[in-house]
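What follows is a set of notes on a single structure, which appears directly below.
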Amino acid sequence: MLTSQLAVLQVFFLLVPERVQPQPSPSPSGAGSTQSDLEQRTQGGTLQPSSEVPGVSTEDPAVVTPSAPGNRTVDLFPAKLNYFQKLQKVNATNFQALATEFGSESFTSAFQTQSPPPFYRAGDPILTYFPKWSVISLLRQPSGVGAAGLCAESNPAGFLESKSTACARFFKNLADSCTLDPVLNAASYYNFTVLKVPRGMSDLKNMKFQVPVTPVSQAGSPLLAGNTCQNAVSQVIYEIETNGTFGIQKVSVSFEQTNLTIEPGTSLQQHFIFRFRAFQQSTAASLTGSRSGNPGYIVGKPLLALTADRRHSMTLLQSQGDGTCSVKRHEVQFGVNAISGCKLRLKRIDCSHLQQEIYQTLHGSPRAEHVAIFGNADPAQKGEWTRILSRNCSVSAVHCTSCCVIPVSLEIQILWAYVGLQSNPQAHVSGARFLYQCQPIQDSQQETEVPLTTVVTFVDITQKPEPPRGQPRMDWKLPFDFFFPFKMAFSRGVDSQKGSASPILILCLLLLGVLNLETK
């Protein structure tokens, strides 16, 4: 402030002519100036400087000329004369000199000045890094806002907060958005790395702090085919394994994709699921969630399936309110026979693509390749899983030259049995197979609505042991000298009492008793 006051004072003296000397004033406002002083300061009502001052404007300033006694004109100077200064221009030549003279510390955010925390805490946002652009961002979980549930992209995923969100997206021009909008492309959900701990921000070149996001199965890129946008992402599932203060150890992602019809106002409901689990309690290919039994299956628990190294539940069709096929699917429950159906609206592309789309709708994505023998099967142990036999439709059996044979139903047959002790039997799966039923449709149909059906049947093949046919027979074994005392008694009795039948009678009674015990 003192510097600015001195600058104002310097300009004031430069503006006053050399012949004019300022007079002392008894008051700060200069009320003690005489009339002669005012006459000397003015000529014709305006200030006449003796010479031009560099950096000071010589243009006519706004002068207040109130009327005074004697019809004289008085010039009143404004309070801060530095308003008339011309600011010096800053260019490449004088920038360094001005920065040295007037420069000071720049403003920095607290996020940049403070060192990042050593590890994540529950609820903390998860940091991501895009190596291609060298950009640090946050792992986000879009959620619905407003009455329409529109997707809000700014919602960060919280560390150790397993939850599911859903939101809606509307497309004005789906033909362009199909291949250009990243929210429809599966690759945009794993083209970055996740920082194990926040302190990894200080050394982004050190790969030990970065965890790649691994897709569980191959997901196709969006494809515009005719009037359909294929492979649009409808569900994203992140599986995140953590290890206490050591942070995130593994991140995997899986997708569900769907086809959208290109028409005005097309909408898509997307689901985002985040699951966290402890790294020590899982193998490289394990699945989050509870088991379906230990070891045997429990009736009503999900039937476990395996695709590549990913364990998941086997599913079947689910319909929406209007009867059309939904993105969501029912879980197949062990021991529970079920049937479900829905209507699938199709626009003709070509026969092979049509068949592929319907097959995927029937068996779900990803397609189950193996089924768990027991309810606690480990994906790393291939012997604990059995391959699912599959029989597709036979195209050659249909005699039609201008039609396309498409599947319309899927029957899932599960063979199971009880094993182990009868006091504690354990249910296990012996085998499984997929049976498809097909029917032809005419090639001339440009748009069709196909009713689809899935059926689940559990067949008990337990072999129970036969019950015993009778009581067990006793095997009598007597010592070799068992009858010796009787012989001695009999011989003595014969010598002493000839003609007496008492020893013989006693021996016969003993033999009859033994025979009776054997026959019972």
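The selection criterion, being closer than 21 Å to G123 by Cβ and open to solvent by 30 Å² or more (accessible area, probe 1.4 Å), holds for G244.
Pull up the range 223-256, narrow it to residues that are aliphatic (A, V, I, L, M) and out of contact with any Phe, Trp or Tyr (no Cβ under 6 Å at 6 or more places or on another chain), then point me to the one that is farthest from R345 (Cα to Cα).
Taking the range 223-256 first, the residues aliphatic (A, V, I, L, M) are 223-225, 232-233, 236-237, 240, 248, 251, 253.
Filter once more, so that each one left must be out of contact with any Phe, Trp or Tyr (no Cβ under 6 Å at 6 or more places or on another chain): 223-225, 232, 237, 248, 251.
Working: L223: 19, L224: 18, A225: 16, A232: 16, I237: 26, I248: 43, V251: 36 Å.
Restricting to residues being aliphatic (A, V, I, L, M) and out of contact with any Phe, Trp or Tyr (no Cβ under 6 Å at 6 or more places or on another chain), the top hit is I248.
Quick check on the range 299-340: of everything there that is free of Cβ contacts under 8 Å to residues at least 24 places away in the same chain and outside any loop (DSSP other than H, G, I, E, B), which residue is nearest to T386 (Cα to Cα)? This residue is S313.
Of K172, K196, which residue is basic (K, R), farther than 22 Å from K347 by Cα and open to solvent by 30 Å² or more (accessible area, probe 1.4 Å)?
On the way: K172 fails: farther than 22 Å from K347 by Cα.
Checking each option against the conditions leaves just K196.
Of the residues in the range 206-222, at least one is open to solvent by 70 Å² or more (accessible area, probe 1.4 Å) and under 22 Å from K347 (Cβ atoms). Yes or no: the range 486-494 includes at least one residue that is modelled with pLDDT under 75 and surrounded by fewer than 10 Cβ atoms within 10 Å (Cβ to Cβ). Taking every residue of the range 486-494 in turn, none turns out to be modelled with pLDDT under 75 and surrounded by fewer than 10 Cβ atoms within 10 Å (Cβ to Cβ). Looking across I240, I262, one residue alone is under 14 Å from the mean Cα position of the chain (by Cα) and aliphatic (A, V, I, L, M). It is I240.
Counting only residues that are assigned to a helix (DSSP H, G or I) and buried (at least 21 other Cβ atoms within 10 Å of the Cβ), which one in the range 361-389 is farthest from the chain's Cα centre (by Cα)? Once the filter is applied, the top-ranked residue is L362. The set of residues in the range 412-444 that are under 26 Å from T401 (Cβ atoms), open to solvent by less than 40 Å² (accessible area, probe 1.4 Å) and not aromatic (F, W, Y) contains only I441. Here the range 411-467 is the region considered, the condition is being charged (D, E, K, R) and in a strand (DSSP E or B), and the residue that is farthest from L344 (Cα to Cα) is D460. Has the range 123-141 got at least one residue that is in contact (Cβ under 8 Å) with a residue 12 or more places away in the chain, within 18 Å of I240 (Cβ to Cβ), touching an Asp or Glu at 6+ places or on another chain (Cβ under 6 Å) and open to solvent by less than 30 Å² (accessible area, probe 1.4 Å)? No, because not a single residue in the range 123-141 is in contact (Cβ under 8 Å) with a residue 12 or more places away in the chain, within 18 Å of I240 (Cβ to Cβ), touching an Asp or Glu at 6+ places or on another chain (Cβ under 6 Å) and open to solvent by less than 30 Å² (accessible area, probe 1.4 Å).
The values are calculated or read from the model by the stated rules, or taken from the named source; none is laboratory data. Quick caveat, the model's predicted, so the values are computed rather than measured. In this analysis, Cβ positions are derived from the backbone assuming ideal geometry, glycine residues included, and neighbour counts consider all displayed protein chains. Please note that ligands, DNA and RNA were not included when accessible areas were found on the heavy atoms of the full protein model with its side chains. Shrake-Rupley method; radii C 1.70, N 1.55, O 1.52, S 1.80 Å.
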